[in-house]
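Step one of this worksheet: look at the structure below.
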Amino acid sequence: MVEQTFLMVKPDAVQRNLIGEIVTRFERKGFKLVAAKLMTISEPLAKQHYQEHDGKPFFDSLVSFITSGPVFAMVWEGEQVISVSRKMMGKTNPQDAEIGSIRGDFGIVTHRNIIHGSDSPESAEREISLFFEKDEILTYEKNIDIWLT
Ligand code: RTP
Ligand code: MG
């Protein structure tokens, strides 16, 4: 089933010049980028985005981290993209994430774990609409052959 998911390169990874590396992994996998923007998240948006964690001990530092610098927000499309992209990201704590996953390859600590991805179809729909207007999400075909010559 073709789905859409919300993925975000977090402030630590933007600072570490990992946007290209991360985008490349999803491109090479075969998923399609349908929306993207570099932006700084406001405090109210951060609190809404991470509302499921409101009240937890790490909530304030999570909000402060995610608003601390630019993020690269994206919508990706493809077969089972929600669960497959979570596998590609690896476990929340980079020390538990498999080598070969994004967090496993580039992260060291949970509070600077490189990337966010929606964890279910419901979160994907909610997060996409929090970050993007409908007309910012594109519908287009890909056909490499016609662009070669
Ligand atoms: P994300 O939402 O950012 O994609 O990460 P996730 O689904 O893998 O993990 P989640 O449980 O949703 O937690 C959101 C973010 O909060 C920070 N966190 N810190 N025990 C802790 O100190 C702790 N647990 C979670 C992480 O930065 C995590 O990505
Ligand atoms: Mg999460």
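The values are calculated or read from the model by the stated rules, or taken from the named source; none is laboratory data. Not measured: the values here are computed from a predicted model. All Cβ positions, even for glycine, are placed from backbone atoms using ideal geometry, and neighbour counts span all protein chains on display.
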* To do: Can you run down the residue pairs with Cβ atoms below 7 Å, 6 or more apart or on separate chains, where the first is in region 131-149 and closer than 21 Å to residue 36 by Cα and touching a residue at least 60 places away in the same chain (Cβ under 8 Å) and the partner is charged (D, E, K, R) and assigned to a helix (DSSP H, G or I)?
  => none
* Any idea which residue in region 121-149 is nearest to ligand 1 (Cβ to nearest atom), counting only those that are hydrophobic (A, V, I, L, M, F, W, C) and assigned to a loop (DSSP other than H, G, I, E, B)? -> 132
* **Residues located in region 66-96, provided they are more than 18 Å from residue 14 (Cβ to Cβ) and more than 15 Å from ligand 2 (Cβ to nearest atom)** => 77, 78, 79, 80, 81, 84, 95
* If a residue has to be farther than 20 Å from residue 131 by Cβ and of a type in the set (A, V, I, L, M, F, W, C) to count, how many in region 72-119 make the cut? -> 6
* Structure fact -> Those helices (runs of 4 or more DSSP H) completely within region 1-120 that have 3 or more residues that are loosely packed, with under 13 Cβ neighbours inside 10 Å are 19-29, 59-66
* **Given (1) in contact with a strand residue (DSSP E or B) (Cβ under 6 Å, 6 or more places away or on another chain); (2) more than 23 Å from residue 122 (Cα to Cα), number of the condition residue 28 does not satisfy** => (1)
* To do: Assess whether residue 129 counts as being within 12 Å of ligand 2 (Cβ to nearest atom), under 21 Å from residue 43 (Cβ atoms), polar (S, T, N, Q) and under 17 Å from the mean Cα position of the chain (by Cα).
  => no
* Check on residue 35, away from ligand 2 (no atom under 13 Å from the Cβ) and either among the hydroxyl-bearing types (Ser, Thr, Tyr) or in contact with a strand residue (DSSP E or B) (Cβ under 8 Å, 6 or more places away or on another chain) (or both) -> yes
* **Restricting region 121-149 to residues that are among the basic types (Lys, Arg) and modelled with pLDDT of 95 or more, the residue that is surrounded by the fewest Cβ atoms within 10 Å (Cβ to Cβ)** => 134
* So residue 127, is it in contact (Cβ under 8 Å) with a residue 60 or more places away in the chain, touching a Phe, Trp or Tyr at 6+ places or on another chain (Cβ under 7 Å) and acidic (Asp, Glu) -> yes
* Asked: Could you list, in sequence order, the residues of region 92-105 that are farther than 17 Å from residue 21 by Cα and within 14 Å of the chain's Cα centre (by Cα)?
  -> 92
